[in-house]
1. Just rank 126, 142, fewest to most, by other beta-carbon atoms within 10 angstrom.
2. Angle check, please: helix 2-20 long axis (alpha carbons) against the longest principal axis of the chain (alpha carbons), in degrees 0 to 90, nearest 10.
3. Report P(r) for the range 25-238: all Cα-Cα distances, bin width 5 Å, range 0 to the bin holding the largest distance, values in whole percent.
4. Given springs between every Cα pair under 10 Å in a Gaussian network model of the chain, which of 139, 39, 223 has the largest fluctuation?
5. If I model the range 81-199 as equal point scatterers sitting on the Cα atoms and use the Debye formula, what is log10 I(q)/I(0) at q = 0.10, 0.16, 0.20, 0.22 Å⁻¹?
6. Extension gain residue 92-residue 231, at 0.36 nm per residue separation less the Cα-Cα distance, in nm?
7. For the chain, modelled as a Gaussian network with Cα springs under 10 Å, which listed residue fluctuates most, 146, 114, 27?
8. Remind me, relative contact order of the chain in percent, using alpha carbon pairs under 8 angstrom and six or more residues apart?
């Protein structure tokens with residue numbers, strides 16, 4: 001009789017313990033893509049990305065890294081790597097400040113190493129069950145080591161960024177983000193980056209994402225064109 005009572009109490013405590021468990025502060029999202037590129041390189045290949053976030057009460061850390069590589073007839077036809085960190089601090093319910101630092105390498109558009117550091121302010125413009133819009137403004141400094149022409153290009157930069165997410169259904173969402181980087185030394189050497197994406201859940205952990213990425217460099221290194229596009233179909237795992 002006592003054993004039965006203990007078992008009943010244990011079973012009753014399990015849901016209560018689950019309800020009392022604090023929300024998870026960290027999240028990791030890994031992405032594996034099949035990519036078709038057109039522009040300075042034309043090939044079909046694969047890429048991998050990972051985004052780790054840790055959210056305190058008012059502070060958020062984001063760590064991101066990725067790589068893309070391809071070979072054609074034994075020759076490397078495309079190779080890209082990137083890594084970045086960002087720390088955001090809320091100053092009110094919808095406003096925050098942040099610092100960010102990023103590195104990327106893409107010799108097929110003439111960039112041997114690129115370092116981008118900046119500070120700024122952001123605001124959650126729209127927060128609702130179906131619509132989410134965030135905008136950021138800031139400034140920073142960019143240092144590029146190039147493979148052709150001027151070996152190193154450095155300049156102060158201004159940055160404008162926004163991201164909009166629309167929840168289509170409980171298992172599908174669409175997003176649009178855009179970034180503009182201004183070169184204060186040479187205004188015509190700007191940077192633009194936009195991504196349009198549609199994501200659909202398979203289950204609680206996996207989803208499929210289709211995306212189209214467009215980038216433009218106002219004054220690319222000699223021998224390269226201004227625009228690059230990337231169309232990707234990715235399998236995403238979230239934990």
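Just so you know, all these numbers are worked out from the coordinates, no wet-lab data involved. Bear in mind that the values here come from a model prediction, so they are computed numbers and not experimental data. Quick reminder, even Gly has a Cβ in these numbers, built from the backbone with ideal geometry, and neighbours come from all protein chains shown.
1. Fewest-to-most ranking of 126, 142: 126, 142.
2. Approximately 30 degrees, to the nearest 10.
3. Bins of 5 Å from zero give 1, 6, 12, 18, 20, 18, 13, 7, 3, 1, 0, 0 percent of pairs.
4. 223
5. Debye curve over Cα of the range 81-199, log10 I(q)/I(0) at q = 0.10, 0.16, 0.20, 0.22 Å⁻¹: -0.38, -0.87, -1.17, -1.28.
6. Working: separation 139, 0.36 × 139 = 50.04 nm, distance 3.75 nm.
Additional length available on full extension: 46.3 nm.
7. 27
8. Working: 597 pairs, mean separation 35.1, N = 239.
About 15 percent, as a whole number.
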